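The values are calculated or read from the model by the stated rules, or taken from the named source; none is laboratory data. From a predicted model like this one, the values you see are computed outputs, not experimental measurements. FYI the Cβ positions are ideal-geometry reconstructions off the backbone, even for glycines, and counts take in every protein chain you see. Protein only, heavy atoms only, side chains kept; ligands, DNA and RNA dropped before computing areas. Shrake-Rupley method; radii C 1.70, N 1.55, O 1.52, S 1.80 Å.
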Amino acid sequence: MKQKQVTVIGTGLIGGSLALALKKEYGDELYIKGYDHHHSQIRLASTLGVVDEGTTSVQESIAGADIIVICTPVQVLCELLEEIMTSPLLKEGAIITDVGSTKTEVVQRSEKYTSQTRGHFIGGHPMAGSHKSGVEAAHDRLFENAYYVLTPSEDSPQAKVDELRALLTATKAKLVQMSPQEHDEVVAAISHFPHVIASALVEHVQQYNTHNPWYFRLAAGGFKDITRIASSNPRMWRDITISNREPILRQMKDWQHYMDELINMLEQNDVADIESFYAHAKTVRDGLPERKRGAIPAFYDLYVDIPDHPGVIGEITTLLGEEDISITNLEILETREDIMGVLRLAFRHEKDLQAAKQVIQRARYAVYERD
């Protein structure tokens, strides 16, 4: 059987993880080329066996490719589209797809080159991520059980859409299909606007903190949890916000409406409506699917009460290491003399969290998860 070539443009966390998932599933049936404009990055991807061949030339990477996956930030993606779709080296009938978190602008740009291209562009967005970045953090299970949205245009041949879906089953993701516009409206509400809120909340409290440092001194626990996404890459989120500008603006205006209603409730001291507001929010929040992976990467965090004496953290991490359970991050939330501290352990997957929970409980430590 003839070997199929897949080219991954951008060999970071997403591109590298996709390549590893494909290699694990298809083995020698696929030949994976990788492109990155950083010599060191593509060299590392080759050394780690993420790609079969690496290059810093876009044209060289796409030559002969059956499927091309552009795994770059949105702005870079838009800049690369013309070069890739109008290239004379593009194979007849090739599929070009991407992993960007906005779709309308990208699909519209691709349609400009329909008459000049031999290939077919099909938008894609795997809703998965990690606290880590770079090809060294890539993992073949990154997309497992996450939603992977495909946004073909009306002119996309169904046979090509089916071909791409078949290939992406290797990711073990839940493949769904919707229009680019519907995708952008949904992710504006559940991913993009929450990043705006988190960043605005940090800035809001920071202004108070300039006059009274107790704001940040006490800003632990819940405040750090709900603003964690504000630590994301600023340039990436600048590009996402601009690319999905109109849906985000609609979200902001709707949000202003809710804030006006709340202000009115408080000014009127409307106790019943205020309680109703919180009760309804609790009902909706409690009804959300548990442990489903969505547009914002889930936090698989485990909390351990630990006594404040030497060697405890080492003991816990050793126990997990002996069971081959990988920790992606750990943090000491509170350590005070003569009382319990709290150790937060972060895991890549739900099953790692559950395995760790059993191991630590057997060692008689108090363990709990946060809803």
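Residue-level check: of (1) within 18 Å of HIS183 (Cα to Cα); (2) open to solvent by less than 10 Å² (accessible area, probe 1.4 Å), LEU81 misses just (1). Filtering GLU154, GLU144, GLU185 for residues that are modelled with pLDDT of 95 or more and of a type in the set (D, E, K, R) leaves a single hit, GLU185. A Cβ distance below 7 Å, combined with a sequence gap of six or more or placement on separate chains, defines the contacts here; from the range 164-183, residues that are in contact (Cβ under 8 Å) with a residue 60 or more places away in the chain and at negative phi reach residues that are assigned to a loop (DSSP other than H, G, I, E, B) and crowded, with 21+ Cβ neighbours inside 10 Å in the pairs THR171/PHE143; PRO180/LYS103; HIS183/LYS103. Contact map, the range 87-98: first residue over 16 Å from ILE70 (Cβ atoms), second residue part of a loop (DSSP other than H, G, I, E, B), Cβ cut-off under 6 Å, separation 6 or more or different chains; pairs are GLU92/ARG118. Among the residues of this structure, ALA94 does not count as one that is over 22 Å from the mean Cα position of the chain (by Cα), modelled with pLDDT of 95 or more and more than 20 Å from PRO157 (Cα to Cα). When you look at TYR26, is it aromatic (Phe, Trp, Tyr) and in contact (Cβ under 8 Å) with a residue 60 or more places away in the chain, yes or no? Judged against the criteria, TYR26 is a match.
Among the residues making up the range 197-211, a single one is open to solvent by less than 60 Å² (accessible area, probe 1.4 Å), over 23 Å from GLU331 (Cα atoms) and of a type in the set (S, T, N, Q): ASN209.
Checking ILE62, ILE32, ILE42 one by one, the residue that is open to solvent by less than 30 Å² (accessible area, probe 1.4 Å) and under 21 Å from GLN116 (Cβ atoms) is ILE62 and no other.
Every condition in (1) within 20 Å of GLU144 (Cα to Cα); (2) not in a loop (DSSP other than H, G, I, E, B) holds for GLU105 except the one numbered (1). Report whether or not SER57 is surrounded by 16 or more Cβ atoms within 10 Å (Cβ to Cβ) and of a type in the set (S, T, N, Q). Judged against the criteria, SER57 is not a match. If you filter the range 97-115 down to residues that are touching a Ser or Thr at 6+ places or on another chain (Cβ under 9 Å) and among the β-branched types (Val, Ile, Thr), you find that the one that is modelled with the lowest pLDDT is THR114.
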